Amino acid sequence: MGLKAVFNLASKDIRAELRTKHTINFMLLFSGLAVIFFSRIAGNYVAAAPEMGAGLLWLVFLFTGMLGLGRAFVKEKELGTFDGLKLTPMSSEEILAGKAIYNLALMLGIQSIIFPLFIIFFDFPIQGSVALAFGVLTLGNLSFVIVSSALSTLVLNARARELLLPVILLPVLFPVIVTSVSALNRVLVGGEGFLNILGEIKIILAYAVVMSVIAALTFDFALEE
Amino acid sequence: MRKIYFSLAIAWVLFIYGSYNALLVFPPISSPANPPMEELYRNVFFHVPINASAFLGFTITLGASILYLRTRKLSYDLVASKAAKIAVLFTTFTLLTGMVWAKPAWGTYWNWDPRETTALIMWFVYLGYFALREAMPAGEPRARASAVLGIFGYASGIFTLLSTRIFPSLHPPTLGLELEPKMGMTLGLMITAAIIIFLNLVYLEIRLERLKEKVTRG
């Protein structure tokens, strides 16, 4: 087992998703709608105060991820393949890593379409490097998928799990979202470079590392039934 | 039960003596820049002890959650959930006492100050913890899920404090707060009283739960 198994699991999920495109299509539609709603409702205010933009963009990702990322495990449960997944000789950390990579692929797909769409609809005046902004978004989404993949298994057996997941996920994600919005703002609006946002990047990275460690240590228990 | 009455009696004596000192004995401090503060500083004798015991409670929840996952004894789950329950209650009081103080001191009830933010996020984390518990039937799976969330939530609280630290804080420093010796001692008494009351409430909650189990089992 090891890395190969992790990538096999991730690529299995990605191939299955590309065949049906159920999750990614819904997520794209939803996030596109969210951008359009935000643009219509708050577009003029963002034009006057561009600092609002990064926060709105992150809200779009947050809502979209909340709806879509839990699917990685719920899908297995609904299709009855969850037990099969647990019976594979993969360790629980490998299963988590595979699912997190699949979720990251989903979020990166959304990100590469929604970020340009957002810039277009808001006519956003970009001061800094677009590549750096994209990198910051990716880093934030990485933390996002680690925590949401790990916590989404906790609600599998709960009542009203679709409602419950955001309630337990949002407060845990709060620090990384706020930091990511601040970094994104400094790049997009402040035109600041990599070295200026190093403090924020360190916090996001530290968060990703600590949460991965906790997730890896506790995932055994989260998978049990 | 006798021990409970005894320690609660001590806690109340400490609390009443401390409150008497804090509210009636100590003179107003000089605060020419912000006159309302001359009297309002007394809030510190209530705000700090409540917050200290709430934070202790969240730490107990973390410890009990880890111990539960290691030993699988449901009694640890009981301790974790009850400590979290009382800690959420105490955090509510922390937020309220903080807000009534923040209005005259900083101008608004809510300022997104690092400590305010951390307290609020911890409050929501553990409300989510109870939402998760409510949504599952009692037993092993619920205990496991909430223990895992208890660990994630605590880490998120630490990161909230860290991440807001890059912005300047309005809150007076927690450590190295300068008080006259007599005031410091009163604050110490109040912290002791709050922690004793906190632990007793947790203990009573646990006892109540055990009795409930006994009754339903017949």
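Just so you know, all these numbers are worked out from the coordinates, no wet-lab data involved. Predicted model only: the values in this text are computed from it and were never measured. Using ideal geometry, Cβ is built from the backbone for each residue, glycine included, and neighbour counts are taken over all protein chains shown.
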Checklist outcome for this item: Here the FRET efficiency for residue B:13 versus residue B:206, based on Cβ atoms and R0 = 22 Å and rounded to 0.05, is 0.35
Item to check | Burial ordering of B:190, B:183, fewest other beta-carbon atoms within 10 Å first | outcome: B:183, B:190
Next on the checklist: Could you tell me how far the Cα centroid of region A:94-134 sits from the Cα centroid of region A:41-70, in Å?
Outcome noted: 12
Checklist outcome for this item: Per the charge dipole of the protein assembly as shown (beta-carbon charges, Lys/Arg positive, Asp/Glu negative, Cα centre), the residue among B:89, B:121, B:102 reaching farthest to the positive end is B:89
Item to check | For chain A: relative contact order, % (alpha-carbon pairs under 8 angstrom, 6 or more apart) | outcome: 28
Checklist entry - If packing is taken as the mean number of other Cβ atoms within 10 Å per residue, what is the order of B:56-67, B:206-217, A:104-115, highest first? => result B:56-67, A:104-115, B:206-217
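Between residue A:127 and residue A:37, what is 0.36 nm times their sequence separation minus the Cα-Cα distance? Round to one decimal in nm.
Gain in length upon complete extension: 30.0 nm.
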Checklist entry - Using Cα atoms only, what is the angle between the long axis of helix B:140-164 and the major principal axis of chain B, expressed in degrees (0 to 90) to the nearest 10? => result 20
Checklist entry - Over all Cα pairs of region B:2-217, how is the pair count split among 10 Å bins, expressed in % and running from 0 up to the last occupied bin? => result 8, 29, 32, 21, 8, 2, 0
Checklist entry - Listing B:118, B:160 from the residue with the fewest other Cβ atoms within 10 Å to the one with the most, what is the order? => result B:118, B:160
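Please compute, for peptide A:217-224, the average count of beta-carbon atoms on other protein chains lying within 10 Å of each residue's beta-carbon.
5
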Next on the checklist: If each DSSP helix of 4+ residues adds -39,500 (n - 2.57) and the sum is divided by the residues in chain A, what number results at 222 nm, nearest 500 deg cm²/dmol?
Outcome noted: -28500 deg cm²/dmol
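First select every other residue whose beta carbon is under 14 angstrom from the beta carbon of residue A:164; then total the charges, Lys and Arg +1, Asp and Glu -1.
+2
Which shape class applies to the protein assembly as shown: rounded if a/c is under 1.5, otherwise prolate when a/b exceeds b/c and oblate if not, where a ≥ b ≥ c are the square roots of the Cα gyration tensor eigenvalues?
Oblate.
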Checklist entry - Per-residue mean of other chain beta-carbon atoms within 10 angstrom of the beta-carbon, peptide A:173-182? => result 5
Checklist outcome for this item: Of A:210-216, B:4-10, ordering from highest average Cβ density within 10 Å down gives A:210-216, B:4-10
